[in-house]
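A quick write-up on the structure given underneath.
The values are calculated or read from the model by the stated rules, or taken from the named source; none is laboratory data. No experiment lies behind these values; they were computed from the predicted model shown. Here Cβ is always computed from backbone atoms with ideal geometry, including for glycine, and neighbour counts include all displayed protein chains.
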Amino acid sequence: MTDELRVLITMEAAWHRVPGGTGRVAVDLANALSRRDDIEIEGVSAWHFNQPSSNYRPSIDVRRLLWPRPLLYESWTRSRRPRLKTKEHHLVHSTTVVAPPPGAVPMVVNVHDLAFRRFPERFPKRSRKLFERSWQRILERADAVLCPSAATSADLLAAGLDADRLHLVPLGHDPLTVSPETSLQTREQIGVQGKFVLAVGTLEPRKNIPTLIKAFNKIASSHDVELVLAGPIGWGITPEELLSSLDEPVKNRIRIIGEVSTPQLAALYTEASAFCYPSLLEGFGLPVLEAMSYSTPVVTSKGTATEEVAGDAALMVDPTSIHEVSEALKFLLTSESDAQKLANRGYQRSKMFSWDATAAATVDVYRKLT
């Protein structure tokens with residue numbers, strides 16, 4: 001029988017104002033690890049009076065440090081305080097690039113991407129400086145770095161990480177069963193009756209939503225379809241700015257609905273006629289995998305990590321080309337048999353990914369360090 005490993009894992013991303021993909025990974029990975037018999041897992045976070053939103057609530061016990069997040073993050077990246085108490089643990093796992101100081105046990109760090117370096121102008125100045133300090137500390141302190149895609153692996157190696165500390169561990173997704181009642185209720189709640197194109201993700205610059213809206217505007221006059229944008233409002237652009245240049249009839253067919261519950265999101269994926277994710281840069285692209293797992297035909301960005309995730313099971317476009325995005329959407333909306341074939345391929349490909357598989361690969365890395 002394999003000895004049980006005791007792991008202290010950072011869960012602060014679940015409390016971020018916009019948890020996004022990093023919050024999703026932290027919560028779902030911790031949940032998957034906690035289901036294993038060979039792991040005892042405890043979370044750690046900054047000081048909070050409140051719980052995260054229901055979408056990001058950890059199922060594991062989380063120890064709170066006596067430091068609020070801004071102070072904790074600044075101190076972790078500028079000093080060696082506060083150190084984590086790890087006397088009862090075999091290793092520490094930081095689920096984000098903002099990692100705690102090194103201690104007496106090995107440390108594993110998830111680095112999802114280096115977007116703050118690739119697109120510095122698209123990040124708030126304070127966040128960019130925080131992430132840069134964090135990355136430098138990881139180069140100095142991390143015993144192992146987990147990344148979700150070959151694209152991110154290449155970026156990390158180019159940024160100075162040595163190959164023997166780098167481990168490619170794809171992310172996972174475990175789809176829910178969506179009842180007809182949930183689908184109907186979700187449609188009623190957001191006010192969509194017919195066909196719609198779905199986009200999911202935090203509303204922020206690198207998600208490239210302005211290009212999607214311009215592409216939708218090109219096909220709106222010839223297709224009876226709506227556009228639904230689901231996900232937290234982030235930074236860099238407001239819903240009003242996104243829609244400001246559109247005619248009123250097109251504006252009325254675009255619904256920016258903000259964050260929705262996990263069951264509602266599953267229903268949206270299930271009901272959507274197409275899913276479009278023209279992101280400029282992703283570490284992995286969980287929404288692409290999620291859409292495929294619900295048999296939704298996908299349009300996404302070629303030459304990025306999302307192309308790795310989708311393989312041959314999505315339509316690939318130049319994310320900066322309004323023409324390519326609009327033509328891909330037009331194809332899926334008018335060629336139903338081809339769209340269904342693509343959806344079926346996506347569904348089969350999605351079975352290659354699960355959170356249990358991600359947890360197993362993560363534990364393999366743990367074992368190499370202990």
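In summary, residue 101 fulfils each of the numbered conditions (1) under 22 Å from the mean Cα position of the chain (by Cα); (2) part of a loop (DSSP other than H, G, I, E, B) with the single exception of condition (1).
Beta carbons closer than 9 Å, at least 6 apart along the sequence or on distinct chains, pair a first residue in segment 28-48 that is farther than 11 Å from residue 360 by Cα with a second that is part of a loop (DSSP other than H, G, I, E, B) and β-branched (Val, Ile, Thr) for 30/60; 30/95; 31/60; 34/60; 37/2; 41/60; 42/60; 43/60. In segment 356-370, the residues that are of a type in the set (D, E, K, R) form Cβ pairs under 6 Å with partners that are surrounded by 13 or more Cβ atoms within 10 Å (Cβ to Cβ), at six or more places apart or across chains, as follows: 356/32.
Here are 185, 193: which of them is in the same structural domain as residue 291 (by TED's automatic domain parsing), within 24 Å of residue 266 (Cα to Cα), of a type in the set (S, T, N, Q) and exposed (fewer than 12 other Cβ atoms within 10 Å of the Cβ)?
Working: 185 fails: exposed (fewer than 12 other Cβ atoms within 10 Å of the Cβ).
Just one listed residue meets the conditions, 193.
Among the residues of segment 109-134, those that are within 19 Å of the chain's Cα centre (by Cα) and either among the hydrophobic types (A, V, I, L, M, F, W, C) or surrounded by 20 or more Cβ atoms within 10 Å (Cβ to Cβ) (or both) comprise 109, 110, 111, 112, 113, 114, 115, 116, 119, 123, 131.
Among the residues of segment 54-66, are any in the same structural domain as residue 148 (by TED's automatic domain parsing) and without any contact (Cβ under 8 Å) to a residue 12 or more places away in the chain? Walk me through how you get there before you give the answer.
First, pick out the residues of segment 54-66 that are in the same structural domain as residue 148 (by TED's automatic domain parsing): 54-66.
After this cut, where a residue has to be without any contact (Cβ under 8 Å) to a residue 12 or more places away in the chain as well, the list is none.
No, that holds for no residue.
Taking the conditions (1) crowded, with 23+ Cβ neighbours inside 10 Å; (2) assigned to a loop (DSSP other than H, G, I, E, B); (3) not acidic (Asp, Glu) in turn, residue 96 satisfies each one other than (1). Any idea which of (1) in contact with a helix residue (DSSP H, G or I) (Cβ under 6 Å, 6 or more places away or on another chain); (2) of a type in the set (Asp, Glu); (3) under 26 Å from residue 354 (Cβ atoms) is the one residue 307 doesn't satisfy? With respect to (1) in contact with a helix residue (DSSP H, G or I) (Cβ under 6 Å, 6 or more places away or on another chain); (2) of a type in the set (Asp, Glu); (3) under 26 Å from residue 354 (Cβ atoms), residue 307 is out only on (1). Looking across segment 336-348, the residues that are surrounded by fewer than 20 Cβ atoms within 10 Å (Cβ to Cβ) and modelled with pLDDT of 95 or more come down to 337, 338, 339, 340, 341, 344, 345, 347, 348. Inclusion of residue 187 among residues that are part of a helix (DSSP H, G or I), basic (Lys, Arg) and either closer than 25 Å to residue 280 by Cβ or under 23 Å from the mean Cα position of the chain (by Cα) (or both) is not warranted. Screening the candidates 242, 280 for the property of being over 23 Å from residue 351 (Cα atoms), surrounded by fewer than 22 Cβ atoms within 10 Å (Cβ to Cβ) and within 15 Å of the chain's Cα centre (by Cα) yields one hit, 280. Residues in segment 248-271 that are part of a loop (DSSP other than H, G, I, E, B), touching a residue at least 24 places away in the same chain (Cβ under 8 Å) and more than 18 Å from the chain's Cα centre (by Cα): 253 only.
Quick grid of which residues meet (1) out of contact with any Lys or Arg (no Cβ under 6 Å at 6 or more places or on another chain); (2) under 28 Å from residue 236 (Cβ atoms); (3) in a helix (DSSP H, G or I); (4) at pLDDT below 95:
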site	(1), (2), (3), (4)
127	yes, yes, yes, yes
132	yes, yes, yes, no
139	yes, yes, yes, no
146	yes, yes, no, no
154	yes, yes, yes, no
167	yes, no, no, no
172	yes, no, no, no
175	yes, no, no, no
